[in-house]
Structure formats: C-alpha cells, structure tokens
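These notes concern the structure reproduced below.
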Amino acid sequence: MANTFGHLYRVTTWGESHGGGVGAVVDGCPPQIPLSEKDLQPDLDRRRPGQSKIVTPRKEADRCEILSGVFGGKTLGTPISVWVKNEDARPEAYKEMETMFRPSHADYTYQAKYGIRNWQGGGRTSARETIGRVIGGSIAKCMFRQLAPKLSVITFVRQVGDVVARIDSSRVESKEVEGNPVRWPDGKEAEQLVKLIERVRSEGDSLGGVVECVVKGCPVGLGEPVFDRLEADLAKAVMSLPASKGFEIGSGFAGVRMRGSEHNDEFFMDGKRVRTRTNRSGGVQGGISNGEEIVFRVAFKPVATIAKVQKTVGVSGKGADLKARGRHDPCVLPRAVPMVEAMAYLVLADHFLRDRAQVGIARP
Ligand SMILES: Cc1cc2nc3c(=O)[nH]c(=O)nc-3n(C[C@H](O)[C@H](O)[C@H](O)COP(=O)(O)O)c2cc1C
C-alpha cells in the first residue's frame, strides 16, 4: 500500500480515523526554512471538522505538534514529523459498518482486497488521512515563501450541486473565499448555498460539486514532457483525494467544442517575458509550466454515507438494509478546498526541487 507521495519532496501520511492520531513525515524539505506549528495550524483549521454548521460536527481541535526536523524555528533538512491527536472518536456509531458495506464507500473493496479493515469511521480510507497531506502542503507553502515568494495558490468552491459560481478565476480573492463557510468566491451568494446544503442534510442526503484551484506566479519550467507532466501529476494528486471523481485543466472538457483557431493561446512579448493572450492551456504546455496561471478543477461526488435507508449486502453475503449513523459531511466541498490546495503545493514543491536538481544549475 503506497502511503508516500513525491520524489524529492516526499510526504508519508499515517493513521486511521479512529486510531490514536494521524500525521505526516515530510522528507526532502530544504534546510533553513522558518517553520513552527503556527505556520501549519491555519491550514489545519481550514480542514478541521466542526468548523461550521455545514460540515461534520465531529469535535476535533486538530492541534498539531512538530516532533522532529525543526531546530531554533528553522528546518534542519531532516525528516519533519508532525502529528495530530484524535480526540473525538466514537467507534460505537459505526457498529453497522463492521458487518455491512456502505454503498459507494470503500468498505467492500477494502475488505475484498485486504481481508481486514478498521471499520471505525472508515479507518485509513477516511478523509481524516488528509491531515497529513495538509501538513505536507503547508510546509511546502513555507518553502515557497522563502524560495519562490511570488508563487501563491488560491482555491475555492466553483460549484455545489447544479449551482455554479459565475466569476473569472483570476479575480477570486482568498479573503472573500475564506470569509464564508462554503468557501464560495462571492460571499453575498454564500448564504443561499448554506441553506441548500442544510436542506439536503435535513433530507438525509448529500451533495457534490467542483473545487477550482489557481496557481499564480509559478515559474516557467516546472514539470516534464513525458510521464511526469505537470498536469498528469496534478491529476494524480487530486484524484487520490477521497470522493474525487474528475479532473480538468484549462479549457478542459469544454475545449473539445472549439476549433484549434479558437483554442490556441497566441504568444506575445510582455517586456522580456513570453506570455500568452489567452490561457486555455491552463498554464501548462507540453507538461511544463509556461508562467501563466495554472488553473484546474476537481469534481467531488456527493458523499456516500447518508441518513436514508439503502439496500446493501453484509460481510456474510446476505442482503441487508442500512441506515448509517455517525457524523458526516453533507457536502465535502468546503473542506476539500484546503486538501486540493495542499495537493497542488505538494506537486509544485516536488517539481520545483526536481527542476532545480536537473536543469537549475544549467539555466542561464
Ligand atoms: C473533505 C471530505 C470529507 C469527507 N467526509 C465524508 C463523510 O463524512 N462520510 C463519507 O461517507 N465519506 C466522506 N468522504 C469521502 C470518503 O472518504 C470516500 O468517499 C471514501 O473513502 C470512498 O472513496 P471514493 O469515494 O473515492 O471511491 C469525505 C471526503 C472528503 C474529501
């Protein structure tokens, strides 16, 4: 089972939803990067359950502790180990999952493959695992603050159910996004989305949607032309998040309706910089960043665990009716935002270090 992501900037996550705790070991972060728990906590707070009335009510403070790799407030270049204690686990609320498979969750496939599973809260397949990813992404953000300070990532909810935010991604501001519980780019519209999510939850159901991510100030040259194309690694990164169902970059699936003459991003010189007039490529051409904004979207399904009775089968092979209990997100989108952002930072950090290692010294 692969629990490590990345080549030069590597993150290993560990822990189960209802075990003692969860965390990450980040290896490959350069030395001398200022780092403390205070740098990581804001992103963990954005991911935390119980942060608003439209997410799971599980009460976790998710306070992190750095165990290694930092000395005198700076990274040592050694493995950075960080953990968060699980404080509000209630395994008894998942008793049904011991003997029954939740439709469209990981219960059946995990059991069929490994023959054993921690059924309490989904174990390793729970979104609680992503705490380690958010820690890794936050440390990468600190690295970029020192080594490429112009790079920033803004992530927001573009769609909930069939409601789509009509806004140009370049104009989205993080203050607006983080100022409402949906992480919607227009705070004035957010209340109607809150009502929609609350209504669907009260009906015992769940909602899906789309998260959009914009990377600004990315240097030209991150990524590679063959297997490890930047968009391929971004796709793998975000498609490894639980409940993700689709990825598109730039014009994405809509681009197929255009002609080449409409779709091509024409070049021009902006001072000494080669730029494109449009950005249908989404900031990546031939697998390599071209210096424009990297824009990609991730589709998330409506979560599997709902409070309606559903037909399923038990571990014994007999048909059964399941009405799930436990605490669940009616819509993962608001909490998926910091997870998508973390995965973007992990991919960028890895390619940044790889670019420096292979061609950085040769570049004029
Ligand atoms: C932020 C976030 C929160 C989630 N919360 C829940 C939840 O409360 N209940 C649930 O059944 N699934 C939840 N999931 C999704 C499951 O972890 C996921 O559906 C499951 O592991 C099966 O994987 P798959 O949907 O990718 O096939 C959440 C996912 C994310 C990204």
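General remarks:
- The range 19-41, residues that are in contact (Cβ under 8 Å) with a residue 60 or more places away in the chain and either assigned to a helix (DSSP H, G or I) or in contact with a His (Cβ under 6 Å, 6 or more places away or on another chain) (or both): ASP39, LEU40
- Some residue of the range 309-318 being among the polar types (S, T, N, Q), in contact (Cβ under 8 Å) with a residue 12 or more places away in the chain, buried (at least 18 other Cβ atoms within 10 Å of the Cβ) and away from the ligand (no atom under 16 Å from the Cβ): no
- Selection status of ILE116, over 20 Å from the mean Cα position of the chain (by Cα), outside any loop (DSSP other than H, G, I, E, B) and more than 14 Å from the ligand (Cβ to nearest atom): no
- Checked against (1) in a loop (DSSP other than H, G, I, E, B); (2) within 16 Å of the ligand (Cβ to nearest atom), LEU346 passes all but condition (1).
- VAL238 more than 14 Å from the chain's Cα centre (by Cα), within 14 Å of the ligand (Cβ to nearest atom) and touching a residue at least 24 places away in the same chain (Cβ under 8 Å): no
- The condition (being within 16 Å of the ligand (Cβ to nearest atom) and either over 18 Å from the mean Cα position of the chain (by Cα) or not in a helix (DSSP H, G or I) (or both)) is satisfied by just one residue among CYS213, CYS218: CYS213.
- Against the list (1) crowded, with 18+ Cβ neighbours inside 10 Å; (2) more than 19 Å from VAL153 (Cα to Cα); (3) free of Cβ contacts under 8 Å to residues at least 60 places away in the same chain; (4) of a type in the set (A, V, I, L, M), the condition MET269 fails is (1).
- Selected residue (only one of GLU60, GLU65, GLU92 is out of contact with any Gly (no Cβ under 9 Å at 6 or more places or on another chain) and acidic (Asp, Glu)): GLU92
- Residues of the range 61-75 classified as surrounded by fewer than 20 Cβ atoms within 10 Å (Cβ to Cβ) and either among the charged types (D, E, K, R) or within 30 Å of GLU198 (Cβ to Cβ) (or both), total: 4
- Test: residue in the range 84-96 that is basic (Lys, Arg) and assigned to a loop (DSSP other than H, G, I, E, B): yes
No lab work stands behind these numbers, since they all come straight from the coordinates. Just so it is clear, the structure is predicted and the values come from calculations on it, not from any experiment. Using ideal geometry, Cβ is built from the backbone for each residue, glycine included, and neighbour counts are taken over all protein chains shown.
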